[in-house]
1. Residue check: is Arg131 at pLDDT below 85 and open to solvent by 10 Å² or more (accessible area, probe 1.4 Å)?
2. Answer yes or no: is there a residue in the range 95-105 that is under 23 Å from Tyr171 (Cα atoms) and in contact with a strand residue (DSSP E or B) (Cβ under 9 Å, 6 or more places away or on another chain).
3. So, in the range 139-175, how many residues would count as being within 26 Å of Gln197 (Cα to Cα) and either at pLDDT below 80 or assigned to a loop (DSSP other than H, G, I, E, B) (or both)?
4. Scan the range 263-286 and report the pairs whose first residue is within 13 Å of Ile249 (Cα to Cα) and whose second residue is assigned to a helix (DSSP H, G or I) and among the charged types (D, E, K, R), with Cβ atoms within less than 8 Å and a gap of 6+ or a chain change.
5. Which members of the range 189-203 meet the condition of being open to solvent by 60 Å² or more (accessible area, probe 1.4 Å) and at pLDDT below 85?
6. Just checking, does the range 153-169 include any residue being open to solvent by 20 Å² or more (accessible area, probe 1.4 Å) and within 9 Å of the chain's Cα centre (by Cα)?
7. Can you report the number of residues in the range 244-255 which are buried (at least 17 other Cβ atoms within 10 Å of the Cβ) and of a type in the set (A, V, I, L, M, F, W, C)?
Amino acid sequence: MATISIVIPIHNEEPSILPLYDRLTVVMEKIRRPYEIIFVDDASTDRSFDLLANLVETDGRLKVVRLRRNFGQTAALAAGFDESQGNIIISLDGDLQHAPEDIPLLLEKIDQGYDIASGWRKNRLDNAMTRKIPSRIANWMMARVSKVDLRDFGTTFKAYRAEILKDVNLYGELHRFIPALASFYGARVVEVPIQNQPRSSGGSHYGLGRTFRVMFDIFTIWFLLKYFTRPMHFFGKWGLLSASGGGAILSWLAVTKIATGIDIIQAHGPLMLVGALALVTGVILFCTGLLGEVMTRTYFESQGRRIYAVREIRTRREEKAAGGAAGTRG
């Protein structure tokens, strides 16, 4: 039977910790599978860690990871994933906006063969202007870029097969895009409607300013998914276009100078400047592509990483062995 690891990043969630823990244990006892709960304290300044330290003394299935400083939610999740021992990993927020009672819905999809079951906050309770509308735009863009048909990339509430997370390196604020990153390795993703409950206390750690960071992340994901293993195809294309245009302009100016003898700087100074800049920019982009190719190979080869992921390997050992034995007897 698969074991389950529940990873919960927290930062100043003192009022929510005990109710969340109580609800989690009730749900997991009903599921009747081996489990562990991992709280990752992202340098809280309230009594969150003290409460968790007391809980650890009473529950051997509970683990608390305390980070040295506030690294952010992505780093906290990565720390929890690294500490997980389960075959299935479930992540959720610690502010009680995610209902632990929805965990069986996610597990049902994993049991059906999916690699990632991603929560979908079908009826969001957030402010329309500052959260819901920007989120819908970002989710639409992310679905188009990644080709992963999800309507809610932003929620932390997801269930993963542990082996899928081994192929995904988290940094920056990319935790919300794990399904897109995992799709690079062929992960099967499904969306599951979940409850979206109001915060029991405190306020959201995110605001409208996060929208700009999300847009930068979407561009990053687009580049990683499309050009991560072949950066020259991106930089080389634009470099060649720019260098060709600049070279054509300068060649035309050179022919004009030879044919007419006019003062090129005086007659076509701005055009010559544009041509020179385009040529130099093209060369720089082309060199950037070459450096990207070198760095890509260094990354994969030095760390022994692969650009593919194997789901399973099957052989017909028994049939081959039987055939071999029969041949021997003949």
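1. Details: at pLDDT below 85: yes; open to solvent by 10 Å² or more (accessible area, probe 1.4 Å): yes.
So Arg131 passes the test.
2. For the range 95-105, residues under 23 Å from Tyr171 (Cα atoms) and in contact with a strand residue (DSSP E or B) (Cβ under 9 Å, 6 or more places away or on another chain): present.
3. Qualifying residue count, the range 139-175: 13.
4. Within 8 Å, the pairs are Ile264/Lys257.
5. Let us first name the residues in the range 189-203 that are open to solvent by 60 Å² or more (accessible area, probe 1.4 Å), namely 193, 195, 198, 200, 202.
Scanning the range 189-203 gives Gln195, Pro198, Ser200, Gly202.
6. Yes: one or more hits.
7. Step one: filter the range 244-255 for residues buried (at least 17 other Cβ atoms within 10 Å of the Cβ), giving 246, 249-250, 253.
Cutting the leftovers down to of a type in the set (A, V, I, L, M, F, W, C) gives us 249-250, 253.
Here the count works out to 3.
To keep it simple, each residue is scored yes or no on (1) open to solvent by 50 Å² or more (accessible area, probe 1.4 Å); (2) among the acidic types (Asp, Glu); (3) within 23 Å of Ser183 (Cβ to Cβ).
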residue: Tyr227; (1), (2), (3): no, no, yes
residue: Ser242; (1), (2), (3): no, no, no
residue: Lys257; (1), (2), (3): yes, no, no
residue: Ala267; (1), (2), (3): yes, no, no
residue: Val294; (1), (2), (3): yes, no, no
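The values are calculated or read from the model by the stated rules, or taken from the named source; none is laboratory data. Model, not experiment: these values are computed from the prediction. Using ideal geometry, Cβ is built from the backbone for each residue, glycine included, and neighbour counts are taken over all protein chains shown. To get the accessible areas, we keep the full protein, side chains included, count just its heavy atoms, and leave off ligands, DNA and RNA. Shrake-Rupley method; radii C 1.70, N 1.55, O 1.52, S 1.80 Å.
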